[in-house]
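Read through the structure below, which is laid out as structure tokens, and then see the notes.
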Amino acid sequence: MATDDTTRATTTTTTVTRRRGAPRQRRRGERSRAASIGLHATLLVAAAIAVFPPLWLLVTSFKPKTDTFTRSLVSGFTLDNYDHVINDTEFLTWFGNSVVIVLATTVIGVFISSTTGYALSRFRFPGMRPLMWTLLLTQMFPMAVLIVPLYNLMSRYGLLNQPVGLVVTYLTIAVPFCAWMMKSFFDTIPVAIDESGRVDGLNPFGVFWRLIMPLAKPGLAVTAFYSFVTAWAEVAFATAFMTGERNLTLAGGLQTFVNQHTQDWHLMTAAAVLIAVPAILVFGYAQRHLQSGLTAGATKA
């Protein structure tokens with residue numbers, strides 16, 4: 001008994017000594033204090049770099065023209081830039097043009113992408129694989145390569161300076177990617193739901209519209225947001241296909257403030273802030289669905 005007590009006491013003393021003298025063993029995957037500090041410092045620097053451009057854009061929009069390139073913060077705070085952009089330019093006309101084009105692109109793009117993705121996910125038909133490859137290959141061409149052929153097509157069919165021309169153009173950009181994404185999302189929905197709908201007497205479109213679409217809200221949110229961003233922030237096609245100040249969209253209208261004749265950076269920054277507000281609101285509304293929708297669309301491709 002005495003020997004056992006002595007051994008136990010010795011073991012306890014050794015353990016305590018090790019705990020006090022030796023450094024604590026880190027668990028697997030646990031970072032050291034120095035590594036944790038370095039990681040947080042890096043994240044803070046990256047966040048500052050990411051936030052600085054839009055923050056400086058916002059600050060510059062409240063500066064008078066004479067202080068545009070000064071490094072000081074808003075020394076002469078003014079709202080004249082916003083007042084001039086809204087009341088003395090065609091900004092409201094550009095805004096109306098953009099809203100019409102964006103709404104049409106988003107609604108039509110979501111419908112075509114969802115129906116195409118559902119058909120590719122649920123049905124087997126002749127030409128299915130070439131169609132899938134066509135949708136995929138269209139994503140390989142840079143946007144600049146498509147401007148000339150699309151311009152020739154729009155000119156031939158009289159769609160230049162027409163909102164319909166831009167809507168069709170934006171659909172050619174958004175639909176292939178969104179259709180692939182919606183197919184991947186529909187692949188995650190059990191086929192048993194379709195079968196139960198057909199047993200209840202629904203036709204294929206009824207199954208799609210009444211049963212599958214309510215379950216596909218995250219994927220639809222991502223598709224709608226991508227279509228919205230494609231049409232709202234695009235510049236190249238908007239300036240190539242639309243001429244005349246009253247026909248421009250918001251992205252094309254920005255170029256009227258800074259070009260070879262004028263250099264109104266203070267007005268351009270104010271207009272850019274006004275253009276960013278709707279995009280921020282749309283993102284804030286849709287963001288709760290974006291993560292789940294993007295994740296579901298990336299699981300099966």
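May I ask you to derive the relative contact order of region 93-299, considering only C-alpha pairs under 8 Å and at least 6 residues apart, and to give it as an integer percent?
33 percent
What are the chymotrypsin sites (Phe, Trp or Tyr not before Pro) within region 122-220 that DSSP puts in a loop, where the Cβ has at most 14 other Cβ atoms within 10 Å?
Phe123, Tyr157
Quick one: Kirkwood hydrodynamic radius for region 93-299, alpha-carbon pairs, angstrom, one decimal?
In region 93-299 this quantity evaluates to 18.6 Å.
What is the ratio of the Cα radius of gyration of region 44-155 to 2.2 N^0.38 Å, with N the residue count, to two decimals?
1.73
Only four residue types carry charge here, +1 at the Cβ of Lys and Arg and -1 at the Cβ of Asp and Glu. Report the dipole size of region 93-299 about the Cα centre in Debye, rounded to the nearest 20.
Dipole about the Cα centre, nearest 20: 380 debye.
If region 179-290 were replaced by its equivalent ellipsoid, with semi-axes equal to the square roots of 5 times the Cα gyration tensor eigenvalues, what would those be, largest first, whole Å?
Sorted largest first and rounded, they come to 43, 15, 10 Å.
So how do 32-42, 158-168 stack up, highest first, on mean other-Cβ count within 10 Å?
Highest to lowest by the protection proxy: 158-168, 32-42.
Read the figures in this text as sums done on the coordinates, not as results from a lab. All figures in this text were calculated on a predicted structure; none of them were measured in a lab. In this analysis, Cβ positions are derived from the backbone assuming ideal geometry, glycine residues included, and neighbour counts consider all displayed protein chains.
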